[in-house]
Amino acid sequence: MNNINQILFPYVVQAVSKTFSVELTEQSIQFQDTRKEFEGDTTLVVFPITKFVKQGPEQLGNAIGDYLVQHCSVVKEYNVVKGFLNLVIEDTYWLDAFQTMLKVQHWGREEENSRPRIMVEYSSPNTNKPLHLGHLRNNFLGYSVAEILKAAGHKVTKVQIINDRGIHICKSMYAWQASGKNDTPESTGLKGDKLVGQYYVAFDQQYKAEIAELIQNGMTKEEAESNAPSMLAAQDMLRKWEDGDEAVTKLWKMMNQWVYAGFDVTYRNMGVDFDKLYFESETYLKGKEEVEKGLSKGVFFKKDDGSTWIDLTNEGLDEKAVLRKDGTAMYITQDIGTAILRFEDFPDTAAQIYTVGNEQEYHFKVLFKILSKLGWSQSDACHHLSYGMVELPEGKMKSREGTVVDADDLMDSMKDESKLMAEEQGKLDGLTTEEKDLTYHKIGMAALKYFLLRVDPKKNMMFNPQESIDFNGNTGPFIQYGYVRTQAILRKANWNKGGDMVLNGEVKMGGEERNLIKLLFAYPQFLSEAVKKYDPSVMAAFAYELTKAFNVFYQHCNILREENVDIKTFRLNLTSLTGQCIQSSMSLLGIQMPEKM
RNA sequence: GGCUCCGUAGUUCAAUGGAUAGAAUAAGCGUUUCCUAAACGUUUGAUAUGGGUUCGAUUCCCGUCGGAGCUACCA
């Protein structure tokens, strides 16, 4: 409910109480924004009230409207269409609201650190494969939700779990060693993650070939899969790694370094960062400990074969294994360890948000239940920020079929495209090469980030490499362009931010200005909805609506050419605040604004 | 088999149970002697299907059809 509706609420209650002697419940008073084809700023839906008052909707609407115009000073006039009471609010109300917004330091945002700490986990890629399109959605989402929570006043810690342990790492290590080539990122000129990824693929190919051969020699598929020499060698490596074998550990460290160095480049390009990293190689033992503790408390139980389980059948879930019969840790074991370690590292953490694909919804249900049974009450507030897949026209991305869209390549091509377009327009003449380059980057990333974030996170989305990313319409660059316009005007006016706002009552607002003020005033409502739903697309929609409203205003109202000084000042202030809010809301999506484009 | 999610213009996305289902793009037409036309205006075009609840259903419930995912001592 926005501010104006909060003001109106008691008057509506009064109106019904005084005219009909009926006390309304809170639920029966429903406001919504007035549709633009009708006159008004806000609309009371009358239907729910007809249940309490025996009157036709139109009659009732008129009665309430009359009362509001007489008793509530902000209501200027009203009209009733069917069961909808459209209320026109006085201009002075909006002008006052505008003044209030100008006085606030960062309009729309809450005071920093005024709300409890929330930990946001995102990214957490497999170290064997370079980052791809799906990771981009993950990273942009996680980063954006963290920024949104911050803007809403939360302390935020951005974390990532590095999956640097397990058989998959050993596969690449084995393949690298077996090739005997001693390739390094330096010797090949490849990014470290790309190089290691190649060896992971090489392993897979060799493994497949071995299986085929073994099957031909009479083995069943299952036998072949577990007896292929390369797999045996990788498993042997894993054992050695767990025993702390020096040579294996050294190789593991070296190859992990390569991957991280490669990822760092990609992260910098993406514009995301982390406050703290957790390494699976360091937390899985913690997980085992916590499971042992839970076992003695009776949270878990052992089966005859020695494996450890939890029974969640009473919670509507299944039994779930948490330790193998040989006592080794599983995926969920290390997640338990990591979660608890984080609660211990940051005792003021109210909740953890996990940005992980929706195929793991079951996993997180189980994890949160386990944490709760282990006595971590914060787990009730924990949230799996589940997002849908990014699909290609040919279906799912499959590395085997070469349909993986590489994150680095995609970001580069976005930048190239924005460069092409900018050069065609020639509006960046006069900037240095570095400035131009930065601008291309900002525009390309805006197109990509906005494309991935404007969609409801939980839904699968379609990405067509050839057609999807646009620079016109409902896109990042469109919004950037709106911002650039605001800045161009302010530059020409020699506008100092926070310059004196001299508004006298004579200022007559047009519909364009009014709409802009209404939207700006709604910023906090959009933000709180984005927080509630952990949904950046809410902010994307806000930035887009705001930019559209500004463009209409720009098209229809003179700003610099306005002769009346009061109106000109008013419009410059409006331009300034709009620019500020566009920048602010887009920064919540991790999108930066260029000064020119 | 069981469970979860999804199905909206040609296409990509919107819509706390509310008004004539919004945008963008594509296609057509128009706007620049004037603050950046990556803009603005305008025309055409959609709720998979059958029931139910409701004053009112894209939204909630049930069935059918279609798509995705989960249901590992994998991660």
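The values are calculated or read from the model by the stated rules, or taken from the named source; none is laboratory data. All figures in this text were calculated on a predicted structure; none of them were measured in a lab. Don't worry about glycine lacking a Cβ; one is built from the backbone with ideal geometry, like all the others, and counts go over all protein chains shown. Note: accessible area is taken over every heavy atom of the protein model, side chains too, but ligands, DNA and RNA are not part of it. Shrake-Rupley method; radii C 1.70, N 1.55, O 1.52, S 1.80 Å.
Go through A:Lys427/A:Lys568; A:Lys158/A:Lys518; A:Lys150/A:Lys458 and tell me which ones have a Cα-Cα distance over 31 Å in this structure.
Details: A:Lys427/A:Lys568 27 Å; A:Lys158/A:Lys518 34 Å; A:Lys150/A:Lys458 22 Å.
From A:Lys427/A:Lys568; A:Lys158/A:Lys518; A:Lys150/A:Lys458, over 31 Å: A:Lys158/A:Lys518.
Which length gain, in nm to one decimal place, applies between A:Ser587 and A:Asp66 when the Cα-Cα distance is subtracted from 0.36 nm times their residue separation?
On the way: separation 521, 0.36 × 521 = 187.56 nm, distance 4.39 nm.
Here the answer is 183.2 nm.
Sequence-distant or interchain residues sharing an amide H contact under 5 Å with A:Leu323, placed H: which?
Amide H neighbours of A:Leu323, under 5 Å, 5+ apart: A:Thr308.
How much of A:Lys158 can a 1.4 Å solvent probe reach, expressed as accessible area in Å² and rounded to 10?
Rounded to the nearest 10, that gives 10 Å².
Summing Lys, Arg as +1 and Asp, Glu as -1, what charge do residues with Cβ under 14 Å from the Cβ of A:Ala97 carry, A:Ala97 excluded? Working shown, then result.
Details: positive: A:Lys103, A:Arg514, A:Lys518; negative: A:Asp41, A:Glu90, A:Asp91, A:Asp96, A:Glu513.
Every neighbour counted, the sum reads -2.
Between A:Lys532 and A:Glu23, what FRET efficiency comes out of the Förster formula 1/(1 + (r/R0)^6) with R0 = 30 Å and r the beta carbon distance, rounded to 0.05? Let's see the in-between values first.
On the way: r = 29 Å, r/R0 = 0.97.
Approximately 0.55, to the nearest 0.05.
When the scattering of segment A:19-126 is computed by the Debye formula from its Cα atoms alone, each counted once and equally, what is log10 I(q)/I(0) at q = 0.11 Å⁻¹?
Per q value, in the given order, log10 I(q)/I(0) is -0.54.
Tell me, what is the 1.4 Å probe accessible area of A:Glu361, in Å² to the nearest 10?
Number for this one is 90 Å².
With a 1.4 Å probe and all protein chains left in place, how much accessible area per residue does chain A have, in Å²? Provide the component values of the computation, followed by the final result.
Details: 28660 Å² over 597 residues.
Accessible surface, normalised per residue, equals 48 Å².
Starting from the Cα-Cα distance between A:Met219 and A:Glu112, subtract it from 0.36 nm times their residue separation and give me the gain in nm to one decimal. The partial results should precede the final answer.
Details: separation 107, 0.36 × 107 = 38.52 nm, distance 6.43 nm.
Taking 0.36 nm per residue and subtracting the Cα distance, the gain is 32.1 nm.
All other residues with a Cβ under 12 Å from the Cβ of A:His135 taken together, and with Lys, Arg as +1 and Asp, Glu as -1, what is their net charge?
On the way: positive: A:Lys129, A:Arg137; negative: A:Asp193, A:Asp406, A:Asp408.
Charge balance in the 12 Å sphere: -1.
What distance in nm lies between label points placed 7 Å from Cα along the C-beta direction at A:Asn182 and A:Ser399?
In this crude spin-label approximation the distance works out to 2.7 nm.
Take A:Leu68, A:Leu277 and sort them by solvent-accessible surface of the protein heavy atoms, 1.4 Å probe, largest at the top. All intermediate terms of the calculation are to be shown ahead of the outcome.
Values: A:Leu68 0, A:Leu277 75 Å².
From most accessible down to least: A:Leu277, A:Leu68.
Got a sec? Charge dipole of chain A, +1 on Cβ for Lys and Arg, -1 for Asp and Glu; which of A:Gln525, A:Leu133, A:Gly337 is way out at the positive end?
Checking the options against the dipole of chain A, the answer is A:Gln525.
Restricting to DSSP loop positions (anything but H, G, I, E, B) with no more than 11 other Cβ atoms inside 10 Å of their own Cβ, which GluC sites (Glu not before Pro) remain in segment A:49-121?
A:Glu111
What is the P(r) of chain A, as percent of Cα-Cα pairs per 20 Å bin from 0?
Each 20 Å bin holds this share of Cα pairs: 17, 41, 30, 12, 1.
Let me spell out the model: positive unit charges on the Cβ of Lys and Arg, negative unit charges on the Cβ of Asp and Glu, origin at the Cα centre of segment A:323-402. What dipole size does that give, in debye rounded to 20?
Here segment A:323-402 has a charge dipole of around 320 debye.
So how far apart, in nm, are the two label points at A:Glu344 and A:Asp326 if each is 7 Å from Cα heading toward Cβ?
Label at A:Glu344, label at A:Asp326, 2.6 nm between them.
For segment A:407-587, what number results from the quotient of the Cα radius of gyration and 2.2 N^0.38 Å? Let's see the in-between values first.
Details: Rg = 17.9 Å, N = 181, 2.2 N^0.38 = 15.9 Å.
Computed over Cα atoms of segment A:407-587, the ratio equals 1.13.
Grab the beta carbon distance between A:Asp236 and A:Glu434, set R0 = 56 Å, and tell me the FRET efficiency rounded to 0.05.
On the way: r = 51 Å, r/R0 = 0.91.
Efficiency at R0 = 56 Å is approximately 0.65.
In the neighborhood of A:Glu435, defined by Cβ-to-Cβ distances under 10 Å, what is the net charge if each Lys or Arg adds +1 and each Asp or Glu adds -1? Spell out each step's value before the answer.
On the way: positive: A:Lys436, A:Lys596; negative: A:Glu434, A:Asp437, A:Glu595.
That works out to -1.
Step by step: find N for segment A:343-463, compute 2.2 N^0.38 Å, then divide the Cα radius of gyration by it. What's the final number? Display every interim value, and only then the final one.
Working: Rg = 20.7 Å, N = 121, 2.2 N^0.38 = 13.6 Å.
Dividing the Cα Rg of segment A:343-463 by 2.2 N^0.38 Å gives 1.52.
I'd like the carbon and sulfur percentage of the solvent accessible area for segment A:3-89, probe radius 1.4 Å, heavy atoms only, ligands and nucleic acids excluded. Let's see the in-between values first.
Working: 2230 of 4710 Å².
C and S atoms contribute 47 percent here.
What dipole magnitude, in Debye to the nearest 20, does segment A:23-71 give about its Cα centre under +1 on Lys/Arg Cβ and -1 on Asp/Glu Cβ? List each step's numbers first, then the result.
Details: 4 positive and 8 negative charges, 39 e Å.
In total the dipole reaches around 180 debye.
For a Förster distance of 56 Å, can you work out the FRET efficiency between the beta-carbons of A:Asp245 and A:Lys548, rounded to the nearest 0.05? Present the calculation step by step, with values, prior to reporting the outcome.
On the way: r = 62 Å, r/R0 = 1.10.
That pair, A:Asp245 with A:Lys548, gives E of 0.35.
Quick one: accessible surface of A:Cys557, probe radius 1.4 Å, all protein chains present, in square angstrom to the nearest 10.
Counting only protein heavy atoms, the figure is 10 Å².
Checking the table A:Lys129/A:Lys221; A:Lys396/A:Lys459; A:Lys286/A:Lys325; A:Lys194/A:Lys398; A:Lys36/A:Lys596; A:Lys155/A:Lys286 against a 21 Å threshold on Cα-Cα, which pairs fail? Walk me through the intermediate numbers first.
On the way: A:Lys129/A:Lys221 26 Å; A:Lys396/A:Lys459 14 Å; A:Lys286/A:Lys325 18 Å; A:Lys194/A:Lys398 16 Å; A:Lys36/A:Lys596 33 Å; A:Lys155/A:Lys286 26 Å.
Pairs exceeding the cut-off: A:Lys129/A:Lys221; A:Lys36/A:Lys596; A:Lys155/A:Lys286.
Report the dimensions of segment A:165-268 along its three principal axes from the alpha-carbon atoms, largest first, rounded to Å.
Dimensions of segment A:165-268 along the principal axes of its Cα atoms: 50, 29, 25 Å.
Counting only protein heavy atoms and using a 1.4 Å probe, what share of the accessible area of segment A:471-597 belongs to carbon plus sulfur, as a whole percent? Display every interim value, and only then the final one.
Working: 2480 of 5360 Å².
Carbon and sulfur atoms account for 46 percent of the accessible area of segment A:471-597.
With n ≥ 4 as the cut-off for DSSP H runs, can you work out [θ] at 222 nm for chain A, using -39500 (n - 2.57) per run divided by the number of residues, rounded to the nearest 500? Show your work: numbers first, answer last.
Working: 21 runs with 325 residues, N = 597.
It comes out at -18000 deg cm²/dmol, rounded to the nearest 500.
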